[in-house]
Structures are given as C-alpha cells and as structure tokens.
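Bear in mind these aren't lab numbers, they're just calculated from the coordinates by the rules spelled out. These numbers were taken from a predicted model, which means no experiment stands behind them. Here the Cβ is made from the backbone with ideal geometry for all residues, glycine too, and neighbour counts use every protein chain on show.
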Amino acid sequence: MTVPEEFAQRLESAFDGRLRIRWSNAEGAYHVEQRVARALVNFPAGTTDDEAIRLRDGYHLIMVVRTGDRMPCPRCGATVKVPLRTSTLVTCEPCRQRGLEYRIAAAHYPLDDTLIDHLKSIDPLRGMSKALRAKVEAHNAALTQRQQQAVLNQLTDKANDDFAQIAGIPSVGYTGKELTLP
Ligand SMILES: [Zn+2]
C-alpha cells in the first residue's frame, strides 16, 4: 500500500514538514513519524526494518494508524478491536485474563482531516513558543543522533568483521594475540 500523495502533502504542510506518514510493510499499517534528527548518509540501503528506517531518516514513531478496526495482538495474536478515531491504549482480553495485561497504542483513522486534527491535539510541541520548540527539537536531535551513530557503528563493525573474514585477513590486536572473529 502507499500513502495518497495529496494526504501526505497535507500532513507535511500542517506540521511545517515536521511529521510524515509512510506505509509499513512489516506491520501492515501506516506509521506517522516525527523528524527529530538529520538523515544518515552512509546507511546501508534496502532495509525494510521500521526501526532501522526511522534511525536512517532521523524520525521517531508517533502513532500507528490501522487500515481496519481489527488488529492482531502483538503478543498472542488474538484479534483485538481497534478504537475508531481515538488513540487510547487497547487492552488484549486473552492476555489480560492470563495476567499479562498487554496494552497496545493504536487507532483506526481515515486518512483525512480528522487524523490531522487528532495529531494536532496530541502534538506535545503545540502551544510552545518558537524558541522553546527549537530547544526541544535540538535536544531530541542530539539524542537521536547518538542512537543513529550507535547503530551505524554496530553495522560498520559487522561489515568490517565480514570483510576480514571474506578476505581472510587475520585480526591481530596490539598485544600481538590473535583475536577470535565471531
Ligand atoms: Zn494478546
């Protein structure tokens, strides 16, 4: 599925480009995300993992929008009724009865102004002065950039290890001892 271009643009302009919406193939739902950092340039292409996509692009998940009024519980798979036009925490009954109390933040919205109005109503930056908003955004950007760098470092380490293994390069530490590759 794709997001109707007209709605994507309306959402972006309503939040001055701060929010975006994209279809998650993995979850089969729309993800509304907020930009909190700069996109990474050297990120491996072709990832389909939602968290990796968000880190790569510098976005943070705000809300999952379901296309229907039913969804599977992420813990037990039981069908859970998704509330229409209110984003509350949905409790999975079978999980709750087993004492697990699984709660899911989800809502079913049509992709129209009711969703944009709802996002405005839950926007934590709404009503703040421009200066304060800039401060919060800078703080979030710094946090996400640290997370992004950590993921990138892991990926680079992994790629370097793979390369050394493929090329048959022995990894030798400064002590002269050979290091064991994973
Ligand atoms: Zn459940």
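Numbers for the structure displayed
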item	result
Environment charge of Ala37, counting only residues whose C-beta is closer than 13 Å and scoring Lys/Arg +1, Asp/Glu -1	+3
Shape of segment 5-167, Cα gyration tensor, a/c cut at 1.5	oblate
Potential lengthening between Glu101 and Asp117 on full extension [0.36 nm per residue; Cα-Cα distance subtracted]	2.8 nm
Separation between Cα centres of segment 9-82 and segment 100-129, rounded to whole Å	13
Segment 5-167: relative contact order in percent, alpha carbon pairs under 8 Å with at least 6 residues between	18
Net charge over other residues, Cβ less than 11 angstrom from the Cβ of His108 (K, R count +1; D, E count -1)	+3
Relative contact order %, segment 48-96, counting alpha carbon pairs below 8 Å whose residues are six or more apart	23
Length added when fully stretched, Thr67-Glu51, from 0.36 nm per residue minus Cα-Cα	3.7 nm
Inter-probe distance in nm under a simple model that places probes 7 Å from Cα toward Cβ, at Val41 and Ala8	2.4
Reachable aspartates and glutamates, given that their alpha-carbon falls under 13 Å from the alpha-carbon of Lys135 and they are not under 8 places away in the same chain	none
